[in-house]
Amino acid sequence: MNSKIPAREEAYDLLLEYNKSDSLIKHALAVEGVMRYFARKRGEDEEKWGIIGLVHDLDYEQFPEEHCRKSEEILRENGWPEDYIRAVISHGWGLCADVEPQTDLEKVLYAIDELTGLVVTAALVRPSKSVMDLKAKSVKKKWKNKRFAAGVDRSIIVKGAEMLGIEITELITDTIMGMREVAEEIGLNLKQR
């Protein structure tokens, strides 16, 4: 089967085919937004980075025990290019996959996947319940409290930042900026009073 470059619409339809959970869909949209932001900042292919971010957790709702492995199967069945598949698998490195992130795209996805969860939680405890007025300093303050967003594996975020050769503060700031671009879709825009 020849692989073809998937369109964003195809990727979104595939995401919805395997995911019904509002929180997982919003997570996918958040990661897509951050990946697009990083791609632009680094002069990379924004569409490719965004699509990979959008489908990175494709299998998680239906196949949590086979996370990443089932995504590989689904994407391959749908004729996706090998580099897209490899990037999706690599975000689970050390957890559910043995594919180490090597490209900038893979390293960014690895670093920001967990971080978007921390940013969402930090935004939701603010009076505004928004990323639009959230600063990296606030996220870093919450970071220190291990009970806050306890499900977020901070060691992965640290390892990802090290892979990218950037400071945690810069990674958090860029993640917030990317999430601001999709704040409406992920329900973290400033609320109208």
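Yes or no: I74 β-branched (V, I, T), touching a strand residue (DSSP E or B) at 6+ places or on another chain (Cβ under 6 Å) and in a helix (DSSP H, G or I)? Here the answer is no, as I74 does not meet what is asked.
Does D59 satisfy the condition of being outside any helix (DSSP H, G or I), at pLDDT 95 or above and closer than 20 Å to P101 by Cβ? Yes; evaluated as a whole, the condition is true for this residue. G178 fulfils the conditions (1) within 20 Å of H91 (Cα to Cα); (2) free of Cβ contacts under 8 Å to residues at least 60 places away in the same chain; (3) of a type in the set (G, A, S) except for a single criterion, (2). Screening H91 with (1) touching an Asp or Glu at 6+ places or on another chain (Cβ under 7 Å); (2) at pLDDT below 95; (3) surrounded by fewer than 23 Cβ atoms within 10 Å (Cβ to Cβ) gives one miss only, at (3).
When N145 is tested against the conditions (1) touching a residue at least 12 places away in the same chain (Cβ under 8 Å); (2) over 14 Å from F38 (Cβ atoms), the lone failure is (1).
Considering each of A136, A111, A123 in turn, give the residue that is farther than 15 Å from A28 by Cβ, crowded, with 18+ Cβ neighbours inside 10 Å, touching a Gly at 6+ places or on another chain (Cβ under 9 Å) and not aromatic (F, W, Y). One residue alone meets the criteria, A111.
Just one of the listed residues (T173, T169) is more than 21 Å from G92 (Cα to Cα), within 15 Å of the chain's Cα centre (by Cα) and at pLDDT 95 or above, and it is T173. Just one of the numbered conditions (1) in contact with a strand residue (DSSP E or B) (Cβ under 9 Å, 6 or more places away or on another chain); (2) at negative phi; (3) free of Cβ contacts under 8 Å to residues at least 60 places away in the same chain is not true of P101: (3). Mind listing just one residue for me: the one in segment 1-53 that is of a type in the set (S, T, N, Q) and assigned to a loop (DSSP other than H, G, I, E, B) and, of those, nearest to L188 (Cα to Cα)? If we take residues in segment 1-53 being of a type in the set (S, T, N, Q) and assigned to a loop (DSSP other than H, G, I, E, B), then S21 is nearest to L188 (Cα to Cα).
The values are calculated or read from the model by the stated rules, or taken from the named source; none is laboratory data. It should be emphasised that the depicted structure is a prediction, and the values quoted were computed from it without experimental measurement. Methodologically, a virtual Cβ is constructed for each residue, glycine included, from the backbone with ideal geometry; neighbour enumeration extends over all protein chains shown.
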